[in-house]
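What follows is one structure encoded as structure tokens, with my remarks underneath.
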Amino acid sequence: MSATATAVQTPLTSLPAWKALQTHYETIRTRHLRELFKSDPARGTRLTAEAEGIYFDYSKHRITDETLRLLLELAEQSGLRERIDAMFSGEKINITEKRAVLHTALRAPKGAVINVDGENVVPEVHEVLDRMADFSDRVRSGAWKGFTGKRIRNVINIGIGGSDLGPVMAYEALRHYSQRDMTFRFVSNVDGTDFAEATRDLDQEETLFIISSKTFTTLETMTNAQTARDWSLKKLKDEKAVAKHFVAVSTNEKEVTKFGIDTANMFGFWDWVGGRYSMDSAIGLSTMVAVGPDNFHAMLAGFHSIDEHFRTTPFAKNLPALMGLLTVWYADFFGAETVAVLPYEQYLKRFPAYLQQLTMESNGKHVTLSGERVNYPTGPIFWGEPGTNGQHSFYQLIHQGTRLIPCDFIGFVKTLNPLGNHHDFLLANVFAQGEALAFGKTPEEVKAEGTPDWLVPHRVFEGDRPSSTFLLEELTPEALGKLVALYEHSVFTQGVIWQIDSFDQWGVELGKVLAKKIIGEIEGSGPAKGSHDSSTTTLIERYRKQRL
Ligand code: F6P
């Protein structure tokens, strides 16, 4: 293992920049954004950065030039530069699983050289991409036929977590570019309703399943895959039909074969691709079938352009680094518990859900790389909804509640569906929300509107509520890739500062183990004994009695 991955680090709270930020926070916390803008008329153009067609306005954050200077120093003192180099060069920075972290290799151009254990992985990546393209073309053109000779009209991805959220988010985001005479669905939940509703109006003869699972052992996915097999064979009535209606995406050839899928119909990837970082790997097969290989490659190019930006740009102009540092600033100094992600773009309706796994499975950690309990908050809760729907639901709390919730507003200059003045209204709303949150409305302003005294406190907006605004030209496959890569590298930046392993997920294990044990007890006869507490035992027994 490399020196970078295992080096003993100075504890975060002992770093000079951290201490300086603590002192600095005391001076900044009382400075209102109104005052910061008033004292610097150029703030709204100065505190912005632009890269790869993404305009990032971070002027409405509770920071000064001094805050930025100290945050950038924190990045340096945390070794962010070295850690970026370690990740990009294939060092095993996922130390608890002893794995390299190379989702960036999935979008590296053909000639690139990225070695893992002395072997260049880029040719393999492109070999799989080429096979995916060939398969996608055949399905899209109708050359790939179902068992009875009918054309495939429906594609269902079965997977969960990273093997579902990336594909479904990307499909929804790029629906505009998708093949409209085909149906794409996504089954993830072990709740049978998910499968039943996804298939109720479909014909088995025209339906292809993509079983996506890195491990090919995940209970939910394997259960749904088995049900899909039974559902298909009920009509097709011949085991040989499986080869025409099932393909697998996995790193586990043995389990794929055991399930009965021919490895000729398997698309592989590698242990250095984390589940939540896998949408560019073969896990993106459903995306490629939906939008075609050219659009998929354009998305990869978008990812790659931000990879290069992150790898080479000084932190002061580096979008993901700035985003990550701002997240740390609010989580650790202001005590912000959450971040709201608010895309003003209907096609990005699953983007917040996708980001929840990316951010929270990555940075929901309570020990450092060396196993010490942290004494500062780590990953905040990410959540959100597309605008303007959120405005008529939870924005009240963001504007007038007692919590500080930094917001990410995401907007596009051009719409893919021009309809009258809808788009101007949409954009007017996104700009208005950032303005209202930052500047609010003072009691004097409220009074001047003729509001009776008793009502004034209710109508006051304190303001001083921070937000970022991201403005892109249009939601293209390339833009989607850029947007996702921004967040991936922001998450990485945060993890480096917090000195945690952003690439493992041990926290999901205990629930899985207990569920397996309880399944045995639920399905067995006799009283549930196990070694449960009295609450769990009673729940199990009550369920068993009532379902009879
Ligand atoms: O929930 C834990 C997890 O391991 C995720 O990290 C992963 O994306 C998901 O399960 C699915 O795993 P697999 O692709 O192996 O089925």
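Every number in this text was worked out from the coordinates using simple rules, so none of it is lab data. Nothing here was measured: the structure is a model prediction, and the numbers come from that model. Neighbour counts run over all protein chains shown; Cβ positions are idealised from the backbone, glycine included.
Overview of results
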| item | result |
| --- | --- |
| Leading residue at positive end of dipole, the chain (Cβ point charges), from Thr207, His176, His399 | Thr207 |
| Viscosity 1.567 mPa s, temperature 4 °C, Stokes-Einstein D of the range 158-237 from Kirkwood C-alpha radius, µm²/s | 98 µm²/s |
| Length gained when the stretch Ala196-Leu510 is fully extended (0.36 nm per residue, less Cα-Cα span) | 110.2 nm |
| Check: the chain dipole with +1 on Lys, Arg Cβ and -1 on Asp, Glu Cβ, in debye | 1100 debye |
| Average Cα contact separation per residue, the range 447-548, under 8 Å, 6 or more apart, as relative contact order % | 10 percent |
| Computed lengthening from Arg175 to Arg138, 0.36 nm per intervening residue step minus Cα-Cα distance | 11.4 nm |
| Volume of the Cα convex hull of the range 449-548, divided per residue and given in Å³ | 362 Å³ |
| Loop-resident sites, the range 1-70, for trypsin sites (Lys or Arg not before Pro), counting at most 11 other Cβ within 10 Å (DSSP) | Arg29 |
| Computed label-point distance, nm, for sites His422 and Thr217 using a 7 Å Cα→Cβ extension | 4.7 nm |
| Length gained when the stretch Ser14-Arg311 is fully extended (0.36 nm per residue, less Cα-Cα span) | 104.3 nm |
| Cα centre as origin, Lys/Arg/Asp/Glu Cβ charges: the range 1-149 dipole, Debye | 620 debye |
| Sparsely packed trypsin sites (Lys or Arg not before Pro) within the range 225-334, loop by DSSP, other Cβ within 10 Å at most 16 | Lys237 |
| Unit charges at the beta carbon, dipole of the chain: most positive-side option, Asn224, Ala479, Pro380 | Asn224 |
| Cα gyration tensor shape of the range 348-494, rounded if a/c is under 1.5, else prolate or oblate by comparing a/b with b/c | oblate |
| Inter-probe distance in nm under a simple model that places probes 7 Å from Cα toward Cβ, at Asp262 and Glu35 | 7.3 nm |
| Normalised contact order of the chain, rounded percent, pairs of Cα under 8 Å and 6 or more residues apart | 18 percent |
| Debye equation applied to the C-alpha atoms of the range 1-113, log10 I(q)/I(0) at 0.09, 0.23 Å⁻¹ | -0.40, -1.19 |
| Euclidean distance between Cα centres, the range 348-412 to the range 447-484, Å | 16 Å |
| Proxy reagent accessibility, fewest Cβ within 10 Å first, across Phe296, Phe246 | Phe246, Phe296 |
| Magnitude of the charge dipole, the range 144-185, Cβ model with Lys/Arg +1 and Asp/Glu -1, debye to 20 | 320 debye |
| Global geometry of the range 46-111, whether rounded, prolate or oblate, following the gyration tensor of its Cα atoms and the 1.5 cut on a/c | oblate |
| Local electrostatic count, Lys349, Cβ distance below 13 Å [Lys/Arg +1, Asp/Glu -1] | -1 |
| The chain: antiparallel DSSP beta bridges as a percent of all, rounded to 5 | 30 percent |
| Relative contact order %, the range 65-210, counting alpha carbon pairs below 8 Å whose residues are six or more apart | 17 percent |
| Estimated translational D of the chain in µm²/s (Stokes, Kirkwood radius over Cα pairs; 10 °C; 1.306 mPa s) | 63 µm²/s |
| Distance from the range 151-172 to the range 307-323 (C-alpha centre basis), Å | 31 Å |
| Overall form of the range 358-420 per C-alpha gyration tensor (a/c, 1.5; a/b vs b/c) | oblate |
| Estimated inter-spin distance, Asn429 and Asp65, nm [label 7 Å along Cα→Cβ] | 3.8 nm |
| Loop-located trypsin sites (Lys or Arg not before Pro) in the range 106-195, at most 12 other Cβ atoms within 10 Å (DSSP) | Lys110, Arg180 |
| Tilt relative to the chain, helix 319-329 - C-alpha long axis, 0 to 90 degrees, to 10 | 70 degrees |
